[in-house]
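What follows draws every value from the coordinates through simple rules; no lab data is involved. Just so you know, these numbers come straight off a predicted model, no measurement behind them. Here the Cβ is made from the backbone with ideal geometry for all residues, glycine too, and neighbour counts use every protein chain on show.
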Amino acid sequence: MASIFALAKQFVEMPIFEIEKLLQSDYYEARMGAVSIMDFQARNKKTTATRKKELFDLYINCHERINNWDLVDRSAPYVVGGYLFDKPRNILYKLAKSKNVWERRTAIVSTYFFIRQKDVSDTFKIAELLMHEEHDLVQKAVGSWVREAGKYDKLALIEFLDSFAPLLPTTMLRYAAEKLDKKEKATYLETNRKKIKRNRA
């Protein structure tokens, strides 16, 4: 991966149509190179607003090629989240309801950019939409991003867990409550276990 990232940096000014060619490749490494270049461009303060929109559009329109968890995580925070920060975020809610697991992961992972700006409301709203998620790689993402949002707003995290802990998949809950103190974490996990036992009875 280090070699791919280093190579991507050498082609950081690659035009959009060339990036799209890489995204269309059957080789995972080429697609990782593509999303890495997209991420580098999206992060660059010198990148124009027009180019950032082109990167966002490319990501959304070619999402079927961004088809693994690390391809999403490598690019969604800045390519999608960074672009949407000062814009309507409806697309994330649409993605959260998608049948495509990687689009659902994009919905929550993109909010990392917002979290870094101490804007956590969309993280919790999208997490609520995804709280019945069955795929473990989305469960882990939701739990992780809720946990990160809680670092900036613990009250919002506690309110989320108070409302939904019994309903969350256990994996999601464990990730979300990971940084709480032992007593708080144990309380939420026990509530979750009791709910699961009642449902199985």
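Both numbers refer to the Cα atoms of the chain; Rg and Dmax are 18.0, 59 Å. Cα centroids of segment 4-48 and segment 57-83: how far apart, whole angstrom? Value for the Cα centre distance between the two parts: 11 Å. Helix 49-61 axis versus longest C-alpha principal axis of the chain: approximately 60°, rounded to the nearest ten. Inter-label distance, A186 to A6: 4.9 nm, where each label sits 7 Å from its Cα along the C-beta direction.
In the chain, the longest principal axis of the Cα atoms and the axis of helix 28-43 are about 90 degrees apart.
Within segment 1-46, which trypsin sites (Lys or Arg not before Pro) sit in a loop by DSSP and count at most 12 neighbouring Cβ atoms inside 10 Å?
K45, K46
All alpha carbon pair distances within segment 73-114 were sorted into 5 Å bins beginning at 0; the resulting P(r) in whole percents reads 6, 30, 34, 22, 8, 0. Within the straight-line cut-off of under 30 Å between alpha carbons, the lysines reachable from K195 are K94, K97, K99, K125, K140, K151, K154, K179, K182, K183, K185, sequence neighbours fewer than 8 places apart in one chain being disregarded.
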